[in-house]
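A quick write-up on the structure given underneath.
Each reported figure results from applying straightforward, stated rules to the coordinates on display, with no laboratory input. These figures come from a predicted structure and were not determined experimentally. All Cβ positions, glycine included, derive from the backbone under ideal geometry; neighbour counts span all protein chains shown.
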């Protein structure tokens with residue numbers, strides 16, 4: 001009995017051990033299967049399917065759209081089709097070969113002999129791509145034929161032809177906002193601008209459809225649906241963007257080849273920003289490029305040639321050079337020059353700001369308390385600092401004498417600003433430079449913002465001379481986005497908002513995924529200091545000796561500051577002939593709503609330092625159209641000169657109407673509410689064209705006393721539904737009286753959208769900085 005019990009216990013132990021070993025083996029196999037499925041599942045799935053008749057199709061996702069603040073499409077995706085031939089299926093029966101090749105010839109103009117030759121060399125090929133990126137219109141006739149039961153005697157023998165779907169990125173407005181939008185590579189990845197910065201948001205996930213023929217010749221399918229990308233609503237207003245681009249192009253057309261071969265300026269750029277939110281309403285630079293044809297070298301004509309090492313040369317790209325870049329051996333040269341073209345000057349390029357820095361310096365002293373606002377400083381014409389003689393920009397007319405802070409900014413006097421900076425001192429000056437974010441990235445949501453940390457002074461590098469030159473904006477570098485963002489804080493009560501380009505993100509079904517609210521980062525100065533700075537900036541435009549008088553739009557009080565700075569060559573020497581000129585302003589003066597910044601880098605002029613007036617004129621023309629569009633009403637009575645300007649504008653618009661031209665945007669694109677393929681869209685008239693009266697999104701200014709909410713409404717073909725200056729019969733009217741304007745009509749008090757003349761002769765508006773002798 002004992003032996004029997006012992007045997008039983010031993011057997012039980014063996015069975016337990018055996019059972020555990022089996023469990024361990026199963027556990028090991030299970031883990032191994034999981035790992036194989038995780039790491040090599042797709043590969044094994046394909047091997048299994050390859051042993052039977054099957055189909056495997058990628059279901060492409062649709063990249064999200066980029067829209068302007070009112071819903072106008074700036075970038076969208078259009079489905080396209082690759083024509084693929086499954087030669088193995090076509091060769092399955094001899095009866096299939098010729099009908100299939102005949103269909104390829106008839107419907108797609110494919111060379112039949114080429115297909116026969118390829119099929120003979122690759123009889124088992126199942127993926128022979130014959131044509132790529134065809135539109136639906138190009139394949140629809142074939143699909144209708146295959147679905148037509150009356151042609152069954154023919155189409156039942158057409159085998160192996162199928163289409164692989166994908167999406168092509170389309171930019172309905174060609175070059176509009178090209179710097180802001182960016183574009184996609186052939187693989188669908190975003191490059192530059194919003195396309196790159198929000199690439200992960202715009203991208204989706206491809207789906208997949210697997211299928212195979214079972215033993216009963218039934219097609220079995222498994223589908224993994226694609227997930228489309230999210231849509232991005234930018235803060236850009238396409239109408240304002242169009243106006244800005246129109247006047248940058250107008251400047252170039254009027255000034256190219258004037259004193260040297262090439263564009264009107266090496267770079268011409270403008271930003272328009274909402275001063276109370278940091279939202280960028282427009283951002284543009286010239287030259288621009290067509291987003292639908294990004295590699296076209298014709299866009300480079302007029303620009304300086306960049307060699308294969310990335311260095312700028314004195315050679316200007318002409319038609320002959322541009323044509324040569326299309327040759328294969330010049331591909332590296334083309335890439336270097338296109339990379340320079342694609343960069344966004346407004347955020348990527350750095351330069352010395354010049355006298356636009358002076359309001360910042362005045363704010364430093366007032367906010368710190370070292371200035372009370374009632375001080376005067378003497379301009380002696382020349383001041384010696386650190387062994388250098390620094391002169392006032394107006395030195396040729398003699399010393400300016402004693403000037404208040406406001407007069408110093410109005411006249412843009414270097415000497416008095418140096419004296420103000422000396423009162424502030426190096427430590428406080430550097431503290432406020434950091435407060436204004438100079439040397440730091442603004443973190444705007446665009447790809448490619450330049451770093452300037454190494455391009456500004458610090459406590460180790462700033463001495464008395466550097467403090468002096470910094471007071472009038474030389475010796476350190478900034479970007480345009482840094483300047484206008486900091487300036488907004490100077491004139492909006494001191495509030496520094498992070499600049500941003502996107503207001504919300506939505507799903508494909510329209511539901512809001514994320515709202516991007518304005519982000520207040522800090523308060524740079526007090527409301528009292530901000531009020532003082534606004535007063536000084538108004539003096540620049542309205543003062544008897546103001547350097548920015550040419551920037552004033554008819555009927556509006558604005559403030560601003562001009563800037564002129566010498567450029568620094570690659571060798572580190574200052575070029576006495578090359579300048580960066582600019583105007584930085586805001587409107588209206590009493591209640592700032594928008595800021596505008598225009599920069600001209602190396603204008604095409606004999607005396608570049610006097611071209612500040614051109615920057616002012618560009619700003620004036622833009623504001624003349626943008627302010628009424630934003631329903632910002634006039635703030636003062638018109639002068640006779642301003643009435644004359646508006647009369648000239650009226651004549652020009654009348655001539656445009658009499659020409660009976662179709663509504664078009666600044667690029668000549670149709671804005672009748674159709675997309676680039678001629679398909680009707682759901683956006684009504686396209687407001688992206690710079691035409692402030694086209695489409696349902698327009699909100700041109702209304703005469704005082706009228707309810708703006710009663711305007712608007714969609715009209716066919718982009719008709720001027722919201723224009724208070726044109727009646728239903730297309731006649732020009734006086735918006736204050738409603739009367740039709742005839743040849744004998746007097747001028748009227750509200751500016752219309754159109755192109756202003758460059759203004760009458762007046763002050764030079766310059767504040768030349770060539771200070772160091």
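Quick notes on this structure:
- Placing dummy labels 7 Å off each Cα toward the beta-carbon, the span from residue 465 to residue 59 is 7.0 nm.
- Using the Cβ-Cβ distance between residue 511 and residue 329 with R0 = 51 Å, the FRET efficiency computed as 1/(1 + (r/R0)^6) comes to roughly 0.50.
- Entry note, segment 103-194: relative contact order of 17 percent, from Cα contacts under 8 Å with a spacing of 6+ residues.
- Relative to its Kirkwood radius, the Cα radius of gyration of segment 403-502 gives an Rg/Rh of 0.99.
- Length added when fully stretched, residue 147-residue 8, from 0.36 nm per residue minus Cα-Cα: 42.4 nm
- Segment 495-551 and segment 157-215: distance between their alpha carbon centers, rounded to Å: 36 Å
- Contour excess over end-to-end distance, with Cα ends at residue 118 and residue 164 and 0.36 nm allotted per residue: 14.6 nm
- Difference of contour (0.36 nm per residue) and Cα-Cα distance, residue 404 to residue 315: 27.4 nm
- Taking every alpha-carbon pair under 8 Å whose residues sit at least 6 apart, segment 354-629 reaches a relative contact order of 17 percent.
- Percent of Cα pairs exceeding the 24 Å cut-off, where the set is segment 57-234: 51 percent
- Computed from the Kirkwood radius of its Cα pairs, the Stokes-Einstein diffusion coefficient for segment 354-629 at 37 °C and 0.692 mPa s stands at 170 µm²/s.
- Note on residue 427/residue 26: beta-carbon distance plugged into 1/(1 + (r/R0)^6) with R0 of 60 Å gives a FRET efficiency of 0.20.
- Segment 356-391 versus segment 413-460: alpha-carbon centroid distance in Å: 15 Å
- The eigenvalues of the Cα gyration tensor, multiplied by 5 and square-rooted, give segment 91-179 an equivalent ellipsoid with semi-axes of 31, 18, 10 Å from largest to smallest.
- Residue order, fewest to most surrounding Cβ atoms within 10 angstrom, among 250, 561: 250, 561
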